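Below: the structure, in structure tokens.
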Amino acid sequence: MRKIHVIGIGAGDPDHLTLQAVKALRGTEVFFLLDKGEATSDLVRLRRDVLGAHLPEGTYRTVEALDPERDRPARGADYRPAVGAWRGARARVVERLIAEELGEDGTGAFLVWGDPALYDSTLGVLEEVLERGAVAFAYDVVPGVSSVSCLAARHRTGLSRVARPVQITTGRRLAEGLPEGVDDVVVMLDAHQTFQRYAGTGEEIDIYWGAYLGTPDEILVSGPLAETAPRIVEVRAQARERKGWIMDTYLLRRRPRDSAERDAHERGAPGRGAPGPG
């Protein structure tokens, strides 16, 4: 039976690969690369860089296919159907790749940014392909270094504080309000820069922001949200204009209210040795 590895390759640095990931790479014959078009050709190049850094030339082959477009403007009740339609279209592409490019006993792989279990559709798409029943395969998942863990490491901070929860969400959900009872909120791929809504509320909130994490183009900005939000908006716009695309993640952190927690926070708050723009 065909076998598929779903390999988390980290946020962009070839050194992010785990030993388990490298082992899976070495056992793969065909790598499937879904390309979103010329604007994001860097993403395909980075995948090829990862392969080149860990595998001898000529020991594998790559197959590229165009990733279906998603209806990004869809809002409200139209959002879930739009995502479902996109996943269905993607499943048809993946089904064709596996059926046509991988032998009955072959091993293929999809290289997933960050961790396949976090904010990625590959596992759901593969399950949909299996449900269709046209092609059979087994698959496994190799975890990777997510952009979330990379963000925290690059800013030299933890994601959570003692006895406090942390929540990972989207810009779409953040627009509905900061989660109740949660003071540490990670937001992924917020195209609308929703953090701006909270810059003028009077709440004491810090932001730790990063774009192109783990790549040579990495940008880091941190500081009090009220002061830092305009700078992030400007830096983000310039980066997107320069490259044609952007992938960013950020942590919003409400400042503690009692003195003991405030002292601990002050020792690690942004602006005290934290990195600036990269």
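List of remarks:
- Of all lysines in the structure, those lying under 21 Å Cα to Cα from K23, and not within fewer than 8 positions of it along the same chain, are K3.
- Amide hydrogen proximity for V112: with H placed 1.01 Å from N in the peptide plane, the residues at 5 or more positions away or on another chain lying under 5 Å are I7, G8, I9.
- Least to most buried among Y79, Y212, Y60 (fewest other Cβ within 10 Å first): Y79, Y60, Y212
- The convex hull drawn around the Cα atoms of the stretch 2-142, when projected onto a plane and averaged over every direction, covers 8.6 nm².
- Matching label, Cα Rg over 2.2 N^0.38 Å computed from the structure shown, candidates [x] 1.00; [y] 1.08; [z] 1.24: [y]
- Here's how it looks for L33: its modeled amide H is under 5 Å from those of V63, E64, A65, which are all 5 or more places away or on a different chain.
- Vicinal HN-Hα couplings computed from phi for the stretch 82-88 (Karplus, 6.51 cos²θ - 1.76 cosθ + 1.60; Hz; Gly/Pro x): 5, 5, x, 5, 5, 4, x
- For GluC sites (Glu not before Pro), the sites in the stretch 134-239 that DSSP calls loop and that have at most 10 other Cβ atoms within 10 Å are E176, E180.
- Sorted by Cβ density within 10 Å, fewest first, the residues S222, S121: S121, S222
- A simple count of charges around Q238, restricted to other residues whose Cβ falls under 12 Å of its Cβ and scoring Lys, Arg +1 and Asp, Glu -1, yields +2.
- The stretch 104-252: C-alpha gyration tensor shape, a/c 1.5 cut-off, then a/b vs b/c: prolate
- Extending 7 Å from the Cα toward the beta-carbon at both S41 and D78 defines two label points whose distance is 3.2 nm.
- Charged neighbours of L66, selected by a Cβ distance under 10 Å, balance to -3 (K, R count +1; D, E count -1).
- Karplus-derived HN-Hα couplings along the stretch 104-121 (A = 6.51, B = -1.76, C = 1.60, θ = phi - 60°), whole Hz, x at Gly and Pro: 4, 10, x, 10, x, 8, 10, 9, 10, 4, x, 10, x, 8, 10, 6, 9, 9
- Among the trypsin sites (Lys or Arg not before Pro) in the stretch 154-220, those located in a DSSP loop and surrounded by at most 15 other Cβ atoms within 10 Å of their own Cβ are R156.
- Value of [θ]222 nm, deg cm²/dmol, for the chain, DSSP H segments ≥ 4, -39500 (n - 2.57) each, nearest 500: -11000 deg cm²/dmol
- Straight-line cross-link reach from K36 at under 20 Å between alpha-carbon atoms covers these lysines, not counting any fewer than eight positions away in the same chain: K243.
- Helix 259-268 axis versus longest C-alpha principal axis of the chain: approximately 60°, rounded to the nearest ten.
Readers should treat all values here as calculations from the given coordinates under stated rules, not as data from a laboratory. Owing to the predicted nature of the structure, the values given are computational and were not obtained by experimental measurement. Cβ atoms come from the backbone with ideal geometry, glycine included; neighbour counts cover every protein chain shown.
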